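S.K.: Starting off with a structure, shown below.
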Amino acid sequence: MNENLFASFLTPMMMGIPIVTIIIMFPIIMFPSPKRLINNRIESMQQWLLQQTTKQMMSVHSYKGQTWTLMLMSLIIFIASTNLLGLLPYSFTATTQLSMNLGMAVPLWAATVITGFRHKTKMSLAHLLPQGTPTPLIPVLVIIETISLLIQPMALAVRLTANITAGHLLMHLIGSATLALMSISLTVATPTFIILVLLTILEFAVALIQAYVFTLLISLYLHDNT
């Protein structure tokens, strides 16, 4: 119970050197390159899920938007696998770090905005001023719309960080309470343990949903700019 609540979110070190880069490469293990003529069940399920996600997410895009398919699918696989690996005991969840999430959100958001200004300059500028705005309110609305545009990558990163961090903290608190209650009364500890199991199942769903939401919002920004 005296353990630091945020100890699991500290950057892991080995011989004084951060090993986050090595941890980030771990998801590659979950998706090996197929080397068989006939895939096994796991590989077939992975490919089916990827095809369904690609069809649902990219069907609304134009040809220019569909050129981002490989990048967006790689993004959702990376975030989902990182979140799932972070649920393992004694593991480190890289997506709980705001700096990493900003490192994913800012370049992708900037690329969609630059694409919009390059191919649809008038439409991109028109988004900064709603149609029918009274003349005295034009400067204020332009400033507000510009701020809302610039805050989009921060919202993406904070949403992912907050959801993953909150879930891990809640699991840590309930797990610590369960261990403490087991030494007092098993009858009281049993409902707490059931809640912990249900919360763990929920966190598996949250890990996948947050990966989908992050990628879907990038896809929507791309759709607005292509």
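S.K.: Within the bounds of region 149-159, is there any residue that is over 24 Å from Met73 (Cβ atoms), in a helix (DSSP H, G or I) and at pLDDT below 90?
M.R.: Yes, there is a match, as at least one residue in region 149-159 is over 24 Å from Met73 (Cβ atoms), in a helix (DSSP H, G or I) and at pLDDT below 90.
S.K.: Same structure, new question: Can you name every residue in region 73-124 that is outside any helix (DSSP H, G or I) and free of Cβ contacts under 8 Å to residues at least 40 places away in the same chain? Can you show your working first?
M.R.: Going through region 73-124, the residues outside any helix (DSSP H, G or I) turn out to be 86-93, 97, 120.
Result: Leu88, Pro89, Tyr90, Ser91.
S.K.: Select from region 39-72 the residues that are more than 17 Å from Asp224 (Cα to Cα), without any contact (Cβ under 8 Å) to a residue 40 or more places away in the chain and open to solvent by less than 50 Å² (accessible area, probe 1.4 Å) and list them in ascending order.
M.R.: Asn39, Glu43, Thr54
S.K.: Restricting attention to region 29-38, does a residue exist that is among the small types (Gly, Ala, Ser), open to solvent by less than 60 Å² (accessible area, probe 1.4 Å) and either closer than 22 Å to Val158 by Cβ or outside any helix (DSSP H, G or I) (or both)?
M.R.: no
S.K.: I would also like to ask the following. For region 204-226, give me each residue that is open to solvent by less than 40 Å² (accessible area, probe 1.4 Å), touching a His at 6+ places or on another chain (Cβ under 8 Å) and part of a helix (DSSP H, G or I).
M.R.: Within region 204-226, Ser219, Leu222 qualify.
S.K.: Filtering region 125-139 down to residues that are assigned to a loop (DSSP other than H, G, I, E, B) and without any contact (Cβ under 8 Å) to a residue 60 or more places away in the chain, which residue is nearest to the chain's Cα centre (by Cα)?
M.R.: So the first thing to find is which residues in region 125-139 are assigned to a loop (DSSP other than H, G, I, E, B), and the list is 127-134.
When the remaining residues are screened for being without any contact (Cβ under 8 Å) to a residue 60 or more places away in the chain, the result is 128-134.
Details: Leu128: 27, Leu129: 30, Pro130: 30, Gln131: 34, Gly132: 37, Thr133: 36, Pro134: 39 Å.
The extreme case among them is Leu128.
S.K.: Right, something else. Of all the residues that make up region 75-104, how many are surrounded by fewer than 18 Cβ atoms within 10 Å (Cβ to Cβ) and either touching a His at 6+ places or on another chain (Cβ under 9 Å) or aromatic (Phe, Trp, Tyr) (or both)?
M.R.: The total comes to 2.
S.K.: Against the conditions (1) open to solvent by 50 Å² or more (accessible area, probe 1.4 Å); (2) out of contact with any Leu (no Cβ under 9 Å at 6 or more places or on another chain); (3) more than 30 Å from Lys64 (Cβ to Cβ), where does Ile164 fall short? Just the number, please.
M.R.: Here Ile164 meets the rest and fails (1).
S.K.: Kindly indicate which of Ile144, Ile195, Ile174 is modelled with pLDDT of 85 or more, hydrophobic (A, V, I, L, M, F, W, C), over 25 Å from Met58 (Cα atoms) and open to solvent by 40 Å² or more (accessible area, probe 1.4 Å). I'd like the intermediate steps shown before the answer.
M.R.: Working: Ile144 fails: modelled with pLDDT of 85 or more; Ile174 fails: open to solvent by 40 Å² or more (accessible area, probe 1.4 Å).
So the residue among Ile144, Ile195, Ile174 that is modelled with pLDDT of 85 or more, hydrophobic (A, V, I, L, M, F, W, C), over 25 Å from Met58 (Cα atoms) and open to solvent by 40 Å² or more (accessible area, probe 1.4 Å) is Ile195.
S.K.: Of everything in region 181-192 that's of a type in the set (Gly, Ala, Ser) and either open to solvent by less than 70 Å² (accessible area, probe 1.4 Å) or touching a residue at least 24 places away in the same chain (Cβ under 8 Å) (or both), which residue is nearest to Leu170 (Cα to Cα)? Reasoning before the result, please.
M.R.: Step one: of region 181-192, the residues of a type in the set (Gly, Ala, Ser) are 183, 185, 189.
Adding the requirement that they be either open to solvent by less than 70 Å² (accessible area, probe 1.4 Å) or touching a residue at least 24 places away in the same chain (Cβ under 8 Å) (or both) leaves 185, 189.
Working: Ser185: 22, Ala189: 16 Å.
This residue is Ala189.
The values are calculated or read from the model by the stated rules, or taken from the named source; none is laboratory data. These numbers come from a predicted model, not from an experiment. FYI the Cβ positions are ideal-geometry reconstructions off the backbone, even for glycines, and counts take in every protein chain you see. Heavy atoms of the whole protein, side chains included, go into the accessibility calculation; ligands, DNA and RNA do not. Shrake-Rupley method; radii C 1.70, N 1.55, O 1.52, S 1.80 Å.
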